[in-house]
Amino acid sequence: MKRHFARVVLLVLCWSLVSVCWATIEAHPFPDDELRSRYHSLISELRCPQCLNTNLAGSDAMIALDLRREVHRMLLAGHSDNQIRTFLFERYGDFVLYRPRVTSRTILLWATPALLLCLGAFVFWRVVGAGVDRQRTPRKPGEAARLQRLLNDR
């Protein structure tokens, strides 16, 4: 029993040491802190093309690693943030941007919340307004007398 326990402990210890070797640390050298902060800002606002709803900073996918390298290279080459976003947009489309640009293709995406809000307000107004209107007065002239007769018969 002790021998089995010792083997399990040894196996867990070896596995934990091996898993540390698999962990990689990306170290991108920057000449100043401004570039470093721009880099971190960009990779946190760009989406990984392979992952669902994960930014480049939090993704472990190989394409995210390549894109982080590309963003680093472009920053060191002197490209602006908009140039980098445009480059990635042209290559991967709207999916790579968390805030897609307003274009003829994305106008429905941007307008849908406002349209749904207006539609909901209209439906609410019709339902509540019609209910209040029905409670106040009958719609036809003869309905008031009929309603009064029904209430008196009770």
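The values are calculated or read from the model by the stated rules, or taken from the named source; none is laboratory data. Here the structure is a predicted model, which means the values were calculated and not measured. No Cβ is skipped: glycine too gets one built from the backbone with ideal geometry, and neighbour counts run over all protein chains shown.
Find the residue count for segment 54-94, including only residues that are modelled with pLDDT under 90, closer than 14 Å to I43 by Cα and loosely packed, with under 14 Cβ neighbours inside 10 Å.
Going through segment 54-94 one residue at a time, the tally reaches 2.
Please indicate, with yes or no, whether at least one residue in segment 74-94 is basic (K, R) and in the same structural domain as L56 (by TED's automatic domain parsing).
So the first thing to find is which residues in segment 74-94 are basic (K, R), and the list is 85, 91.
Then keep just the ones that are in the same structural domain as L56 (by TED's automatic domain parsing); that gives 85, 91.
Yes, segment 74-94 has at least one match.
What single numbered condition from (1) modelled with pLDDT of 80 or more; (2) farther than 30 Å from F95 by Cα; (3) exposed (fewer than 10 other Cβ atoms within 10 Å of the Cβ) fails to hold for R146?
(3)
Can you find even one residue in segment 104-111 that is more than 21 Å from S59 (Cβ to Cβ) and over 20 Å from the mean Cα position of the chain (by Cα)? Outline the logic, then answer.
Step one: of segment 104-111, the residues more than 21 Å from S59 (Cβ to Cβ) are 104-111.
Subset that is over 20 Å from the mean Cα position of the chain (by Cα): 104.
There is at least one residue in segment 104-111 that is more than 21 Å from S59 (Cβ to Cβ) and over 20 Å from the mean Cα position of the chain (by Cα).
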